[in-house]
Amino acid sequence: MGALPKRKYAKARQGKRRGHLGLSLPSLDYCPQCHSPKLPHHVCPTCGSYAGREVIRIETPKKKAG
Ligand SMILES: [Zn+2]
């Protein structure tokens, strides 16, 4: 049999340890071009601009005719 803890951990102590495990919201920036929220240091997913110029073309999804 392997090593086992001598005492049980009280729920309060367990909760104190897990007090640091929470998730946090991702930080948000706003695009200077179109002012929509985007991730910092990322190309804007709405207008495709980065550092004041368009770097990728955003293709709008085409609706199926018929
Ligand atoms: Zn943008």
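Below, the figures for the structure above:
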read-out: Contacts under 6 angstrom Cβ, first residue in the stretch 44-55 being within 6 Å of the ligand (Cβ to nearest atom), partner open to solvent by less than 90 Å² (accessible area, probe 1.4 Å), 6 or more apart; value: Cys44/Cys31; Cys44/Lys38; Thr46/Cys34; Thr46/Ser36; Cys47/Cys34
read-out: Number of positions in the stretch 7-24 that are assigned to a loop (DSSP other than H, G, I, E, B) and open to solvent by less than 70 Å² (accessible area, probe 1.4 Å); value: 3
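The values are calculated or read from the model by the stated rules, or taken from the named source; none is laboratory data. All values derive from a computational prediction rather than experimental measurement. Note: ideal-geometry Cβ built from the backbone for every residue, glycine included; neighbour counts use all protein chains shown. Just the protein is used for accessible areas: all its heavy atoms, side chains included, with ligands, DNA and RNA removed. Shrake-Rupley method; radii C 1.70, N 1.55, O 1.52, S 1.80 Å.
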